[in-house]
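A.B. asks: Structure incoming, see below.
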Amino acid sequence: QRIRRICSTQSEYDKHISNLAGYFCSNGYPITVVKESMNRAATLCRDNLSIENLKTVNSRIPLVFDYSAGTENLHKVLRQDFTILQGDESISNLFKDPPLTSRRQPPNLKALLTSSRLPRSAGSGNPGAPRCQVCDFIITDPCFSPPGTNYSVRPGTFDCNTSNVVYF
């Protein structure tokens, strides 16, 4: 559909769709699936594809609870007793539709004690300083071979302030 929408002429579309079909076939897609998709895309009108799909607005209020055994039946209870909430005038204006209930994983000991963020800089910022933790692991040889390979790499000079470094 994207090629149909982007290409303004039929000849341009034909060229790009044949390139794409060759790509899919060379990557192991069955030829029948590729041809069916090409035929389906060919029947679409380019003008209709340019129209944006408007998303429907969801008016349901999310109600999120920590997962526990006590909240298992909460969704069912809210669904069954929603008519009671609709009977109250002050609440019926807020909840036109039943709330969208979901449960999340509560915090556990691992999540409280560890962080998923990496430290900003492991180096001291002063290359070769006695407290620098990075400089001890930097290979200073003029040539080295990465593990499991047969070729040599001749890196430049690196220190703890070097950016875009790949660690093996």
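A.B. asks: Which of the lysines could a cross-linker bridge to K96, judged by Cα under 26 Å and excluding same-chain residues fewer than eight apart?
C.D. replies: Candidates past the 8-residue exclusion: K55, K76.
A.B. asks: Also: If the reach is capped at under 16 angstrom between alpha carbons, list the lysines near K15, excluding any in the same chain fewer than eight residues apart.
C.D. replies: K35
A.B. asks: Continuing with this model, one more query. Set the Förster radius R0 to 41 Å, insert the Cβ-Cβ distance between N73 and N19 as r into 1/(1 + (r/R0)^6), and round the FRET efficiency to 0.05.
C.D. replies: On the way: r = 55 Å, r/R0 = 1.34.
According to the calculation, E is roughly 0.15.
A.B. asks: Using the Cα gyration tensor of the stretch 18-116, with a ≥ b ≥ c the square roots of its eigenvalues, what is the shape: rounded (a/c below 1.5), prolate (a/b larger than b/c) or oblate (neither)? All intermediate terms of the calculation are to be shown ahead of the outcome.
C.D. replies: Working: a/c = 3.42, a/b = 1.74, b/c = 1.97.
Here the stretch 18-116 falls in the oblate category.
A.B. asks: Can you give the FRET efficiency to the nearest 0.05 for D97 and T149, using r as the Cβ-Cβ distance and R₀ = 41 Å?
C.D. replies: On the way: r = 59 Å, r/R0 = 1.45.
Between D97 and T149 the formula returns 0.10.
A.B. asks: Right, another one. Output ³J(HN,Hα) for the stretch 20-27: one whole-Hz value per residue in order, computed from phi by the Karplus curve 6.51 cos²θ - 1.76 cosθ + 1.60 with θ = phi - 60°, and x for Gly and Pro.
C.D. replies: Working through the residues one at a time gives 5, 5, x, 4, 5, 5, 5, 9 Hz.
A.B. asks: Counting only residues 5 or more places away or on other chains, whose amide H sits under 5 Å from the amide H of L100 once H atoms are built in the peptide plane?
C.D. replies: Amide H neighbours of L100, under 5 Å, 5+ apart: I61, L63.
A.B. asks: Skip the ligands, DNA and RNA, and give the accessible area per residue of the stretch 1-117 with a 1.4 Å probe, whole Å². Can you show the working numbers first?
C.D. replies: On the way: 9840 Å² over 117 residues.
For the stretch 1-117, the solvent-accessible area averages 84 Å² per residue.
The values are calculated or read from the model by the stated rules, or taken from the named source; none is laboratory data. Since we're looking at a predicted model, the values are computed, not measured. Reconstructed Cβ throughout: ideal geometry from the backbone, glycine too, with neighbour counts over all protein chains shown. Please note that ligands, DNA and RNA were not included when accessible areas were found on the heavy atoms of the full protein model with its side chains. Shrake-Rupley method; radii C 1.70, N 1.55, O 1.52, S 1.80 Å.
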